[in-house]
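The values are calculated or read from the model by the stated rules, or taken from the named source; none is laboratory data. All values derive from a computational prediction rather than experimental measurement. Note that we place each Cβ from the backbone using ideal geometry, even for glycine, and neighbour counts take in every protein chain shown. Note: areas computed on protein heavy atoms with side chains; ligands, DNA, RNA excluded. Shrake-Rupley method; radii C 1.70, N 1.55, O 1.52, S 1.80 Å.
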Amino acid sequence: MNVPLGGIWLWLPLLLTWLTPEVSSSWWYMRATGGSSRVMCDNVPGLVSRQRQLCHRHPDVMRAIGLGVAEWTAECQHQFRQHRWNCNTLDRDHSLFGRVLLRSSRESAFVYAISSAGVVFAITRACSQGELKSCSCDPKKKGSAKDSKGTFDWGGCSDNIDYGIKFARAFVDAKERKGKDARALMNLHNNRAGRKAVKRFLKQECKCHGVSGSCTLRTCWLAMADFRKTGDYLWRKYNGAIQVVMNQDGTGFTVANKRFKKPTKNDLVYFENSPDYCIRDREAGSLGTAGRVCNLTSRGMDSCEVMCCGRGYDTSHVTRMTKCECKFHWCCAVRCQDCLEALDVHTCKAPKSADWATPT
Amino acid sequence: MGVGRSARGRGGAASGVLLALAAALLAAGSASEYDYVSFQSDIGSYQSGRFYTKPPQCVDIPVDLRLCHNVGYKKMVLPNLLEHETMAEVKQQASSWVPLLNKNCHMGTQVFLCSLFAPVCLDRPIYPCRWLCEAVRDSCEPVMQFFGFYWPEMLKCDKFPEGDVCIAMTPPNTTEASKPQGTTVCPPCDNELKSEAIIEHLCASEFALRMKIKEVKKENGDKKIVPKKKKPLKLGPIKKKELKRLVLFLKNGADCPCHQLDNLSHNFLIMGRKVKSQYLLTAIHKWDKKNKEFKNFMKRMKNHECPTFQSVFK
């Protein structure tokens, strides 16, 4: 995604919603401000002093973080696409997204982890692209080295992920370190798990540039993998998230259910069970599933029975034009047939009117 | 793919509009030979490896990208499908494949190589057909082995598609004309006497010598060439003290003909490379100052600079 520079203002509200789950402020006026970091930083409610300080000192990093919001948000929506709660930030009132984060649920744990990972990713990438003054390619990756395939030269641009992690930790965790309560500890843990997840997928890539493409000459660099890999990894952690309670002296966690293992640094942790997200509930940050598309043949979370919470579904018959039977023709075009495709789309029914429904 | 609900309740009218659109698309599809049809707008799929490097661009194939400038289309995507990020890098890496192209080992060699080095400009990457890769590899790797090369990792065939959306010049069921019977010339001796081709070969070789030959013998399946007098034009991996006792090998060339060696009374232009401890001959030309092309080569050699990878990549 190529977001124009001005587009940062479109995404900043989401960033700030994530930073400040309190939903009392509106961000509409931020569009009117210019590029001044003073105005931008000082007018963001909910930033603690350390964050404001970093914001003033590193406006270019703030820009990278703002641009990166779209990416981790899209990843969150991808992972939750078949769930009742689908990480939807398109609700006209952003506050619902923020309200999910107020609850110490496993959805909240995932959002904190993926957003923290997204910040690491955005900063590290901006670093490699030469967009940040305070960092560049990993300075340690120089000269020659050896691996199982022989010697190689470091070249290209190795991602400086340690810088990304360090800055993300300083900025994202600053607010949590102000408090010592259970929620702050949960957020610190999940933020850290997210940051570590990105580093897990840092890998060595090489180019063979000997004569005729032979690997007698190789240049290698370290590169972060596609953010999807981090998202998939954290999704597995979300599914295996561990419910915890604070220990006696308030310094850490212990498992809520003794039969389960203790959380490692890579696990996500949560305190509260999730709501069912079936009906619209402002307090819980739930949009409900009325109008959601469901899958009639699925047995998973997106099945109509589960997605619609037993309320039933409507079916509409849709036809659309698609490309099919594509072939490459020399030279040079890919030509396709146009096919009319007919399919049924199933959407969840709304809850029945409350005034005559029998309570369950 | 997301499912919309826009057609709900107006199926009849929507179908009519869509059919009209289909007619327009089909008309556009047959408009011109160079028809860069956008069948799917998915520019993101071009980004592989360093997926957040600069966005792909459609650029002219330069005249001095000799591997591909006459391939049959005029524009290419940069970065290419081998993750070469600059045109200088493309040229440097492509230059070592030009000599193979001149060997004519398979009619599809250029189309195959250029589909990766200089991919056509479409909305998404189109890879060469797996069968084309396998045909080129099976025909050309034996020739490459005469020069001490093997089919490289970056061209492994099992990564290429088997479907219809892939690049090939001819349909897969066309039978190729079988190769002419008879003994084939040793590939290093099968050279076109053109100044441009000799320059390309010089750049692709590690060393080059002007020399007289004392004798040619068979040894372990190779032709062993013992020099009499030699003058280095390009030393490459040859050390000065090694030059004295230098012996060259025509790899796997014990029994194939090499017409340049029929008469040893001439001076020769010899090009080669070092593989392990052997110096392999990669090209041989009679040193013929009267030949127009050879004279042209000697003139050009003084000024010509071969592309070097180091300056490109760092």
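Residue-by-condition table, conditions (1) within 24 Å of the chain's Cα centre (by Cα); (2) assigned by the TED database to the domain that holds residue A:180; (3) buried (at least 16 other Cβ atoms within 10 Å of the Cβ):
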site	(1), (2), (3)
A:219	no, yes, yes
A:244	yes, yes, yes
A:248	no, yes, no
A:253	no, yes, yes
A:275	yes, yes, yes
A:308	no, no, yes
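Scanning segment A:173-221 for residues that are within 14 Å of chain B (Cβ to nearest Cβ), touching a Lys or Arg at 6+ places or on another chain (Cβ under 8 Å) and modelled with pLDDT of 95 or more yields a single hit, A:201. Among the residues of this structure, residue A:130 does not count as one that is touching a residue at least 12 places away in the same chain (Cβ under 8 Å) and within 14 Å of another protein chain (Cβ to nearest Cβ). In segment B:119-139, the residues that are in contact (Cβ under 8 Å) with a residue 40 or more places away in the chain form Cβ pairs under 7 Å with partners that are charged (D, E, K, R), at six or more places apart or across chains, as follows: B:121/B:75; B:123/B:42; B:124/B:42.
Among the residues of segment B:249-260, the ones that are closer than 24 Å to residue B:301 by Cβ and surrounded by fewer than 19 Cβ atoms within 10 Å (Cβ to Cβ) come to 1 in all. Here residue A:227 meets the list (1) more than 25 Å from the chain's Cα centre (by Cα); (2) open to solvent by less than 30 Å² (accessible area, probe 1.4 Å) almost entirely, failing just condition (1).
So that you can scan it fast, the table gives a plain yes or no per residue for (1) open to solvent by 20 Å² or more (accessible area, probe 1.4 Å); (2) in contact with a His (Cβ under 6 Å, 6 or more places away or on another chain); (3) within 27 Å of residue B:68 (Cβ to Cβ):
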| position | (1), (2), (3) |
| --- | --- |
| B:217 | yes, no, no |
| B:228 | yes, no, no |
| B:262 | yes, no, no |
| B:265 | yes, no, no |
| B:272 | no, no, yes |
| B:281 | no, no, no |
| B:291 | yes, no, no |
| B:304 | yes, no, yes |
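Checked against (1) touching a helix residue (DSSP H, G or I) at 6+ places or on another chain (Cβ under 7 Å); (2) at pLDDT below 90, residue B:97 passes all but a single condition, namely (2).
Those helices (runs of 4 or more DSSP H) of segment A:1-95 in which 3 or more residues are open to solvent by 50 Å² or more (accessible area, probe 1.4 Å) and at pLDDT below 85 occupy A:37-42.
When each of A:149, A:141 is tested for being in contact with a strand residue (DSSP E or B) (Cβ under 6 Å, 6 or more places away or on another chain) and at pLDDT below 95, the lone residue that passes is A:141.
Inspection of segment A:79-98 finds a residue satisfying the criterion of being in contact (Cβ under 8 Å) with a residue 60 or more places away in the chain and among the aliphatic types (A, V, I, L, M). The criterion of being at pLDDT 95 or above, aliphatic (A, V, I, L, M) and over 30 Å from residue A:122 (Cα atoms) does not hold for residue A:269.
Inspect segment B:59-74 for any residue being over 16 Å from the mean Cα position of the chain (by Cα), away from chain A (no Cβ under 13 Å) and modelled with pLDDT of 90 or more and give the result as yes or no. Among the residues of segment B:59-74, at least one is over 16 Å from the mean Cα position of the chain (by Cα), away from chain A (no Cβ under 13 Å) and modelled with pLDDT of 90 or more, which makes the answer yes. Selection over segment B:139-161 of residues that are open to solvent by 50 Å² or more (accessible area, probe 1.4 Å), more than 10 Å from chain A (Cβ to nearest Cβ), under 27 Å from residue A:206 (Cβ atoms) and not basic (Lys, Arg) gives a count of 2. Take the residues of segment B:77-111 that are more than 10 Å from every other protein chain (Cβ to nearest Cβ), in contact (Cβ under 8 Å) with a residue 40 or more places away in the chain and in contact with a strand residue (DSSP E or B) (Cβ under 8 Å, 6 or more places away or on another chain): which is nearest to residue B:169 (Cα to Cα)? Only one residue fits best here, namely B:77.
Select the strands (runs of 3 or more DSSP E) contained entirely in segment B:174-290, then report the ones holding at least 2 residues which are in contact (Cβ under 8 Å) with a residue 40 or more places away in the chain and closer than 19 Å to residue B:101 by Cα. It comes to B:267-275, B:278-286. Scanning segment A:119-158 for residues that are part of a helix (DSSP H, G or I) and touching an Asp or Glu at 6+ places or on another chain (Cβ under 6 Å) gives A:124, A:128.
Condition check for residue A:170 on (1) open to solvent by 50 Å² or more (accessible area, probe 1.4 Å); (2) over 20 Å from residue A:101 (Cα atoms); (3) more than 14 Å from chain B (Cβ to nearest Cβ): one failure, at (1).
Checking the structure you have, find out if any residue of segment B:239-248 is within 25 Å of residue A:212 (Cβ to Cβ) and either outside the structural domain of residue B:288 (by the TED database) or surrounded by fewer than 12 Cβ atoms within 10 Å (Cβ to Cβ) (or both). Within segment B:239-248, one or more residues are within 25 Å of residue A:212 (Cβ to Cβ) and either outside the structural domain of residue B:288 (by the TED database) or surrounded by fewer than 12 Cβ atoms within 10 Å (Cβ to Cβ) (or both). Between A:315, A:322, the distinction of being modelled with pLDDT under 95 and of a type in the set (Ser, Thr, Tyr) belongs to A:322 only.
Of the candidates A:293, A:211, the single residue that is more than 30 Å from residue B:95 (Cβ to Cβ), of a type in the set (A, V, I, L, M) and either open to solvent by 40 Å² or more (accessible area, probe 1.4 Å) or without any contact (Cβ under 8 Å) to a residue 12 or more places away in the chain (or both) is A:293.
Remark: pairs (first residue in segment A:261-288, free of Cβ contacts under 8 Å to residues at least 60 places away in the same chain; second residue loosely packed, with under 15 Cβ neighbours inside 10 Å; Cβ separation under 8 Å; 6+ apart in sequence or on different chains) = A:262/A:254. Take residue A:141 and tell me if it is open to solvent by 60 Å² or more (accessible area, probe 1.4 Å) and out of contact with any Gly (no Cβ under 7 Å at 6 or more places or on another chain). Taking the combined requirement at face value, the residue does not satisfy it. Before we move on, is residue A:235 open to solvent by less than 50 Å² (accessible area, probe 1.4 Å), of a type in the set (A, V, I, L, M, F, W, C) and more than 14 Å from every other protein chain (Cβ to nearest Cβ)? Considered against the rule, which asks whether it is open to solvent by less than 50 Å² (accessible area, probe 1.4 Å), of a type in the set (A, V, I, L, M, F, W, C) and more than 14 Å from every other protein chain (Cβ to nearest Cβ), residue A:235 comes out as yes.
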